[in-house]
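Student: Before anything else, here's the structure in question.
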Amino acid sequence: DGGITQSPKYLFRKEGQNVTLSCEQNLNHDAMYWYRQDPGQGLRLIYYSQIVNDFQKGDIAEGYSVSREKKESFPLTVTSAQKNPTAFYLCASNLGGKSNQPQHFGDGTRLSIL
Amino acid sequence: QQQVKQSPQSLIVQKGGISIINCAYENTAFDYFPWYQQFPGKGPALLIAIRPDVSEKKEGRFTISFNKSAKQFSLHIMDSQPGDSATYFCAAHFGSNTGKLIFGQGTTLQVKP
């Protein structure tokens, strides 16, 4: 079945540590997105990528980094510069470009501080 | 101006009742309005979507009503069931070629048996 796979499901970060969240899709989608979800705040866009080897900052990019070396993969690194990383992180993808293309989501990674 | 405001934050409905969630926006460049349903520990799943040239769209028990002049749209869940208990997000696509969505803050719906 086609879909988006996020791993790990749960992740713990120590002080000063960088951690990387994985996102893989087999939907042949061009565009991929990372969101952060906090209670009562909806989904906020961290980074997005329309095409391989290109990505743009979203609304809350500080303290995060991404890469897009392959169409299928869009890993997110939460750096030590992100002082409040505890949240539910969601990856999504769609065909990009046209406005009526729905985003498909993975089942998220819950990140906590040790 | 790129915000989507969603209300209420939480909603309790009896089984068989109608659940209504409202969203409002300011930016007339928004051109696509999806609704997502999210269960705990899962990612959001597309429920139903509408474009601004349509005033209503119905899929099963779920209906979107769209009022372009008032810049408001709403989700109606008819004959609400306990299995509908979830968090619902409205969203809007900012009319560009990026595919980006702006999300509302979410509504947690509880349907009591």
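The values are calculated or read from the model by the stated rules, or taken from the named source; none is laboratory data. No experiment lies behind these values; they were computed from the predicted model shown. We place every Cβ from the backbone using ideal geometry, glycine too, and count neighbours over all the protein chains shown.
Student: Sort out which residues of the range B:31-44 are more than 7 Å from every other protein chain (Cβ to nearest Cβ), part of a strand (DSSP E or B) and of a type outside the set (S, T, N, Q), and write them in order of number.
Tutor: Passing the criteria: B:Phe33, B:Trp35, B:Tyr36.
Student: I'd like to check something: does the range B:21-30 contain any residue that is modelled with pLDDT of 95 or more, within 10 Å of another protein chain (Cβ to nearest Cβ) and closer than 24 Å to A:Tyr47 by Cβ?
Tutor: no
Student: Could you grab me the full set of residues in the range A:33-60 that are more than 9 Å from every other protein chain (Cβ to nearest Cβ) and at positive phi?
Tutor: A:Asn53
Student: Right, another one. Could you look through the range A:66-93, keep only residues that are basic (Lys, Arg) and free of Cβ contacts under 8 Å to residues at least 40 places away in the same chain, and pick out the one that is nearest to the other protein chains (Cβ to nearest Cβ)?
Tutor: Filtering the range A:66-93 for residues that are basic (Lys, Arg) and free of Cβ contacts under 8 Å to residues at least 40 places away in the same chain, the one nearest to the other protein chains (Cβ to nearest Cβ) comes out as A:Arg68.
Student: Consider only pairs whose beta carbons are under 9 Å apart and that are at least six residues apart or on different chains; among these, list those whose first residue lies in the range B:45-59 and is farther than 30 Å from A:Gly108 by Cβ and whose second residue is among the small types (Gly, Ala, Ser).
Tutor: From the range B:45-59, the pairs are B:Ser55/B:Ser65; B:Glu56/B:Ser65.
Student: For the range A:1-23, name all the residues that are closer than 24 Å to B:Trp35 by Cα and either assigned to a strand (DSSP E or B) or at pLDDT 95 or above (or both). Before the answer, list the steps.
Tutor: Keep residues of the range A:1-23 that are closer than 24 Å to B:Trp35 by Cα, which gives A:1-6, A:23.
Across the range A:1-23, the qualifying residues are A:Ile4, A:Thr5, A:Gln6, A:Cys23.
Student: Would you point out which residue out of A:Gly96, A:Gly63, A:Gly108 is at pLDDT 95 or above and at the interface with chain B (Cβ under 10 Å from one of its Cβ atoms)? Before you say what the answer is, go through the steps one by one.
Tutor: On the way: A:Gly96 fails: at pLDDT 95 or above; A:Gly63 fails: at the interface with chain B (Cβ under 10 Å from one of its Cβ atoms).
Exactly one of A:Gly96, A:Gly63, A:Gly108 is at pLDDT 95 or above and at the interface with chain B (Cβ under 10 Å from one of its Cβ atoms), namely A:Gly108.
Student: What are the pairs, 6+ residues apart or on separate chains, where a residue within the range A:39-53 that is assigned to a strand (DSSP E or B) and modelled with pLDDT of 90 or more has its Cβ under 7 Å from a residue that is crowded, with 22+ Cβ neighbours inside 10 Å and among the charged types (D, E, K, R)?
Tutor: Matching pairs, first to second residue: A:Arg44/A:Arg36; A:Leu45/B:Lys100; A:Ile46/A:Arg36; A:Tyr48/B:Lys100.
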